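The values are calculated or read from the model by the stated rules, or taken from the named source; none is laboratory data. For clarity, every value in this text was computed on a predicted model and none was experimentally measured. Reconstructed Cβ throughout: ideal geometry from the backbone, glycine too, with neighbour counts over all protein chains shown.
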Amino acid sequence: MKDNIRLERAAGGIVVRVQAGRKEVLLIDDAYGHVAFPKGHVEMGETWQAAAIREVAEETGIVAQMVAPIGRVEYFIERDGVQIRKQVRLFLMQAKTNGAPKHQVEEVRRAYFLPWPQAIQQLAKQGYSNWSWALESADVLWRWHEGDWEKVWRQAVQNLSDTEIDDLWRQVAELNAELVQVADNELQAVAGSWYQKANLDRGGVATTRVPCDFPEEPAVATAVLRQAVESMLLQPEVSVIEVENLCDQSMGQQFRSVCVNPMYAGTVATRLQKSQVIPCIALGFPFGANSPNALAAEAKHGLADGARELDVVIPVGAMVEDDIWTVYEHIQAVCSVAKAKAVDVVVKVILECHFLSPLQVAKASLVSIAAGADFIITSTDFAPGGALVADVALMALAAGNRASVMAAGGIHSRTQARLFLRYGATCLGTQSGMSVIRE
């Protein structure tokens, strides 16, 4: 059992500064003859981020600030006959001063900044192979940071016109594609055989066209919207009468599906059995804090009660700290149950993008697909933020033709719905289905 194995955690940074318009990277020559990034042990009571900032300062004398998480590697070592699981995270950081590094003599032979191209060469010659992907990821993240795309694109789109959104997308589309590519490169390097096998089985990262066309004729557009709506009723205070009424409304409007909590799986399946509306339940909702075994059991019971689709929340905290292995294990537990059924069962994975960086959204999408997901979903609608067009577009690029994308959370109007469908969603999770189809 991995929980019984001793753990050691370390954190560090790829620290960047810009001198005379030239991007430079902080490197160290470590005690083992390698060129590396400064990093070290996470001490008791520290966060990953605090440890990374402290270790950079201790090993190099450079004070740096956080920009974004990059990624994580895990491996096993043996010390004094004891097996140890090492967990190491790197963060993109920005130097707060332009002073020369002063290395920690006890552990580091030298600390220095190098221009980006030279750093690539040095790491290729003397770097650690398990971090071979990291500098490319840092480059993409740095350009996202320099362009202020989190503010200009990801968070601002909801308040812009279609023309403004399309203009912005043309500027940031290539960078989004690069985010997907470096996420794939990282997973190929660190995830293990399960990711590589999934890419062979389902095809590698494929491209998709964003934005796509949406019908202009109102009646045709309304029909498309009806078939995209998943009516959701997941609040804790919901009554069985409200569930039945939602089923009746969804059948009358010919919506795609109805999603409820697992205790109502039988109610929804019975109510919808003579219609084309799909009964769906949410698993591990809304926090994604269940164990894989609990998720599998919940899935089995829900399918036995008549559910035909399963919306499962990833362990969000695990993805926040780039623990792709735990995320995969949770999703795969549900997908295994689904694939064992004689009838087709669709698994839709909720990422809760509000808590994730863009690179983590791309990684979570790719891990979900590798685990067997048929759909990837933006949000639970329980986080402070719901679906963002920027996240939907990024997820669509990651999914390609291997999976579909569902926008969920905060969708209350036809205008919003239309925009999400244009930018790659094929399904809309909402409590406002009637507002979405209203012309």
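Answer yes or no as to whether L234 is of a type in the set (A, V, I, L, M) and in the same structural domain as C353 (by TED's automatic domain parsing). When the stated conditions are applied, L234 passes them.
Within the stretch 85-112, being at pLDDT 95 or above and not basic (K, R) holds for Q87, V88, L90, F91, L92, M93, Q94, A95, P101, A111, Y112. The set of residues in the stretch 405-439 being of a type in the set (G, A, S) and over 22 Å from L234 (Cα atoms) consists of G424 alone. Would you call E352 surrounded by fewer than 24 Cβ atoms within 10 Å (Cβ to Cβ) and either in contact with a Phe, Trp or Tyr (Cβ under 6 Å, 6 or more places away or on another chain) or farther than 23 Å from A269 by Cα (or both)? Answer is no for this residue.
Pairing each residue of the stretch 234-263 that is farther than 18 Å from A282 by Cβ with any residue that is hydrophobic (A, V, I, L, M, F, W, C) and in a loop (DSSP other than H, G, I, E, B), provided the two are 6+ apart or on different chains, yields C-beta distances under 6 Å for M251/V277. Of all residues in the stretch 349-374, those satisfying the criterion of being hydrophobic (A, V, I, L, M, F, W, C) and part of a helix (DSSP H, G or I) are C353, F355, L359, V361, A362, A364, L366, V367, I369, A370, A371.
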